[in-house]
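The values are calculated or read from the model by the stated rules, or taken from the named source; none is laboratory data. Model, not experiment: these values are computed from the prediction. A quick note on method: Cβ atoms are made from the backbone with ideal geometry, for glycine too, and the neighbour counts reach across all protein chains shown. We work out accessible area using only protein heavy atoms, side chains counted, and drop any ligands, DNA or RNA first. Shrake-Rupley method; radii C 1.70, N 1.55, O 1.52, S 1.80 Å.
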Amino acid sequence: MSTQLESARLGRYSWQLQAVAEAEQLDPEALRRRVAAGQAVILANPAHKTLVPCGIGQGLRVKVNANLGTSGVLTDLALELAKLEVAVAAGADTVMDLSTGAAAPMELARREILARSRVPVGTVPVYQAAVEAMEQRGSVVEMTADALFSVIERQAADGVDFITVHCGVNRAALDVLQSTGRVASVVSRGGAFTLAWMLHHHRENPLYAEFDRLLDIARRHDVTLSLGDGMRPGSVVDASDAAQVTELVTLGQLVPRARAAGVQVMVEGPGHVPLHQVRANVELAKSLCHGAPFYVLGPLVTDIAPGYDHITAAIGGAIAAWAGADFLCYVTPAEHLGLPTAEHVREGVMAARIAAHAAGLARGDAAAWAADLTMSSARKALDWPGQLKVALDAERASSLRRALNPDGTRACSMCGELCAMDMVAKALGTGTPRC
Ligand code: SF4
């Protein structure tokens, strides 16, 4: 079996590549060249039977990921499956199952999510390896390298389309972290597990030391690697520091090795980053990582808005995507506070989609501009159904329209008879807006 990368290099148009090209209204040859060069990836594990493939990278629409998953405190599979439905209905392009808690419910959650999801599913395999180590040997640090690779193999065989692997949390990054210090230390869960294991065993991270073993699994299952940023800043004060950049340099060295092995690869980025550093972060990552698709976790542009972190992340996400990031991980209003509800998931997806769309306009995306033009024309015509057709969240817009205009006002209750659109249309003789 050829991976999407190998197939593209051979000049082939896989059905997955053709499906992505059609969905994005792209020339298949242009997409094939980007996939062959590693500038774009196609998330499509052949074992994920319900999947509609998704492309991420240069020249493609900016994509949005929604995180799901149970925790040790709240293990409610029905709720997570409801969140999956909400996330996809709200327009999430991918989901990640970040379940923790107990191993058996984690396996079940992953398999159920894979069976029901038509969008690509990602995971962070070290979570399961860590939980199994706790259950079987009493502590996360009792995880073995073999157990970690075994979990990766099992998840890949189940059909997981992309996996976050914290290969860059190595001795070099750890030495820098320890010598420079940080306000928020390490906030990545996978990064923390890896770091604790390395310090306990005085050994190198197996995902870095045995990267070829990881590549072998990824190639056999065509699982896309998402090189995680275990050293991502968890405070704007720590942004762009030496530990973060040291890890990024390592990830940049691993990208060509993955590509040479026929493995599709993305790179993950911060985190908490003040607004004025977002563009530089994206440009540095793109440059060091040879143009690999860049997946940002936010970035959150301030630390002091708990309850509104979907907004702090959307601000950072819009700037990041404008600067070249390809993939936005949503943040919900529950970030830093607790496991999100289904409504938080919906709000998080919408906020990230607004950021992605705003960046699409800035990047000259013709479809994005066409949608905004349609909306503006419909607004001018007071054409409410026409507005709803292109609204990112038609359900919310429709519900607000009804609730705020119980009398069915032709314009809206903001200005009523003093509607500027109406008045100017009459004054200019350009016709009375339609109801
Ligand atoms: S009433 Fe005011 S806010 Fe409402 S559509 Fe007319 S101009 Fe816009």
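Take the conditions surrounded by 15 or more Cβ atoms within 10 Å (Cβ to Cβ) and part of a loop (DSSP other than H, G, I, E, B) and apply them to L388. Does it pass?
Numbers: surrounded by 15 or more Cβ atoms within 10 Å (Cβ to Cβ): yes; part of a loop (DSSP other than H, G, I, E, B): no.
Spelling it out, it is not the case that L388 is surrounded by 15 or more Cβ atoms within 10 Å (Cβ to Cβ) and part of a loop (DSSP other than H, G, I, E, B).
Which of the residues that make up the range 405-419 are open to solvent by 70 Å² or more (accessible area, probe 1.4 Å), of a type outside the set (D, E, K, R) and either away from the ligand (no atom under 12 Å from the Cβ) or touching a Cys at 6+ places or on another chain (Cβ under 6 Å) (or both)?
Listed by number, the list holds a single entry, P406.
Within the range 193-237, work out how many residues are touching a helix residue (DSSP H, G or I) at 6+ places or on another chain (Cβ under 9 Å) and assigned to a helix (DSSP H, G or I).
Total meeting the criteria: 24.
Considering only the range 372-404, how many residues are near the ligand (Cβ under 9 Å from one of its atoms) and in contact with a Phe, Trp or Tyr (Cβ under 9 Å, 6 or more places away or on another chain)?
0
In the range 182-203, how many are modelled with pLDDT of 95 or more and over 18 Å from P125 (Cβ atoms)?
5
If you go through the range 394-402 one residue at a time, do you hit one that is closer than 30 Å to H272 by Cβ and part of a helix (DSSP H, G or I)? Walk me through how you get there before you give the answer.
From the range 394-402, those closer than 30 Å to H272 by Cβ are 396; that's our starting set.
Still in the running and part of a helix (DSSP H, G or I): 396.
Yes, that holds for at least one residue.
Would you call L254 under 23 Å from P120 (Cβ atoms), modelled with pLDDT of 95 or more, touching a Cys at 6+ places or on another chain (Cβ under 7 Å) and not in a loop (DSSP other than H, G, I, E, B)? Even if it seems obvious, please write down each step before you answer.
Numbers: under 23 Å from P120 (Cβ atoms): yes; modelled with pLDDT of 95 or more: yes; touching a Cys at 6+ places or on another chain (Cβ under 7 Å): yes; not in a loop (DSSP other than H, G, I, E, B): yes.
Judged against the criteria, L254 is a match.
Given the options V236, V267, V245, name the one that is within 21 Å of the chain's Cα centre (by Cα) and open to solvent by less than 20 Å² (accessible area, probe 1.4 Å). I'd like the intermediate steps shown before the answer.
Numbers: V236 fails: open to solvent by less than 20 Å² (accessible area, probe 1.4 Å); V245 fails: open to solvent by less than 20 Å² (accessible area, probe 1.4 Å).
Exactly one of V236, V267, V245 is within 21 Å of the chain's Cα centre (by Cα) and open to solvent by less than 20 Å² (accessible area, probe 1.4 Å), namely V267.
Does L339 satisfy the condition of being open to solvent by 50 Å² or more (accessible area, probe 1.4 Å), within 16 Å of the ligand (Cβ to nearest atom) and under 28 Å from the mean Cα position of the chain (by Cα)?
Working: open to solvent by 50 Å² or more (accessible area, probe 1.4 Å): yes; within 16 Å of the ligand (Cβ to nearest atom): no; under 28 Å from the mean Cα position of the chain (by Cα): yes.
So L339 does not fit the description; no.
For the range 184-192, does any single residue satisfy the condition of being closer than 22 Å to T100 by Cβ, crowded, with 22+ Cβ neighbours inside 10 Å, in contact with a helix residue (DSSP H, G or I) (Cβ under 7 Å, 6 or more places away or on another chain) and not β-branched (V, I, T)?
Among the residues of the range 184-192, at least one is closer than 22 Å to T100 by Cβ, crowded, with 22+ Cβ neighbours inside 10 Å, in contact with a helix residue (DSSP H, G or I) (Cβ under 7 Å, 6 or more places away or on another chain) and not β-branched (V, I, T), which makes the answer yes.
Considering only residues that are of a type in the set (D, E, K, R) and outside any helix (DSSP H, G or I), which ones fall in the range 167-192?
Keep residues of the range 167-192 that are of a type in the set (D, E, K, R), which gives 171, 175, 182, 189.
Passing the criteria: only R182.
Of a type in the set (S, T, N, Q) and assigned to a loop (DSSP other than H, G, I, E, B) - does that describe any residue in the range 271-282?
To start, the set of residues in the range 271-282 that are of a type in the set (S, T, N, Q) comprises 277, 281.
Retained after the next criterion (residues that are assigned to a loop (DSSP other than H, G, I, E, B)): none.
Scanning the range 271-282, I find no residue that is of a type in the set (S, T, N, Q) and assigned to a loop (DSSP other than H, G, I, E, B), so the answer is no.
Among the listed residues G181, G91, identify the single one that is out of contact with any Asp or Glu (no Cβ under 6 Å at 6 or more places or on another chain), open to solvent by 10 Å² or more (accessible area, probe 1.4 Å) and free of Cβ contacts under 8 Å to residues at least 12 places away in the same chain. Even if it seems obvious, please write down each step before you answer.
Working: G91 fails: free of Cβ contacts under 8 Å to residues at least 12 places away in the same chain.
Within the list G181, G91, the selection yields G181.
V160: open to solvent by 40 Å² or more (accessible area, probe 1.4 Å), touching a strand residue (DSSP E or B) at 6+ places or on another chain (Cβ under 9 Å) and of a type in the set (V, I, T), yes or no?
Numbers: open to solvent by 40 Å² or more (accessible area, probe 1.4 Å): no; touching a strand residue (DSSP E or B) at 6+ places or on another chain (Cβ under 9 Å): yes; of a type in the set (V, I, T): yes.
It is false that V160 is open to solvent by 40 Å² or more (accessible area, probe 1.4 Å), touching a strand residue (DSSP E or B) at 6+ places or on another chain (Cβ under 9 Å) and of a type in the set (V, I, T).
Pick from the range 420-435 the residues that are closer than 20 Å to T374 by Cα and open to solvent by less than 80 Å² (accessible area, probe 1.4 Å): which of them is farthest from the ligand (Cβ to nearest atom)? Full working, then the answer.
First, the residues of the range 420-435 that are closer than 20 Å to T374 by Cα: 420-422, 424-425, 430-435.
Subset that is open to solvent by less than 80 Å² (accessible area, probe 1.4 Å): 420, 422, 424-425, 431, 433.
Values: A420: 4, D422: 6, V424: 9, A425: 10, G431: 15, P433: 8 Å.
The selected residue is G431.
Where residues in the range 355-366 are more than 14 Å from the chain's Cα centre (by Cα) and aliphatic (A, V, I, L, M), which of them is least open to solvent (accessible area, probe 1.4 Å)?
Just the residues of the range 355-366 that are more than 14 Å from the chain's Cα centre (by Cα), to begin with: 357-366.
Filter again for aliphatic (A, V, I, L, M), leaving 358-359, 361-362, 366.
Working: A358: 47, A359: 1, L361: 37, A362: 55, A366: 77 Å².
Result: A359.
Which pairs have Cβ atoms under 6 Å, sit 6 or more apart or on different chains, and link a residue in the range 407-424 that is more than 17 Å from P385 (Cβ to Cβ) to one that is among the hydrophobic types (A, V, I, L, M, F, W, C) and within 6 Å of the ligand (Cβ to nearest atom)?
Partner pairs satisfying both residue conditions: C419/A411; D422/A411.
Here are some residues: L297, L288, L275. Which one is in contact with a Leu (Cβ under 7 Å, 6 or more places away or on another chain) and open to solvent by 20 Å² or more (accessible area, probe 1.4 Å)?
That would be L288, the only listed residue that is in contact with a Leu (Cβ under 7 Å, 6 or more places away or on another chain) and open to solvent by 20 Å² or more (accessible area, probe 1.4 Å).
For the subset of the range 304-346 comprising residues that are in a loop (DSSP other than H, G, I, E, B) and touching a strand residue (DSSP E or B) at 6+ places or on another chain (Cβ under 6 Å), which member is nearest to V62 (Cα to Cα)?
To start, the set of residues in the range 304-346 that are in a loop (DSSP other than H, G, I, E, B) comprises 304-308, 324-326, 330-341.
This time we only want the ones that are touching a strand residue (DSSP E or B) at 6+ places or on another chain (Cβ under 6 Å), so: 325-326, 330.
Numbers: A325: 8, D326: 5, Y330: 12 Å.
Per the stated criteria, the residue is D326.
Residue by residue, here is whether (1) under 21 Å from T94 (Cβ atoms); (2) of a type in the set (G, A, S) holds:
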residue	(1), (2)
V121	yes, no
Q136	no, no
A184	no, yes
F211	no, no
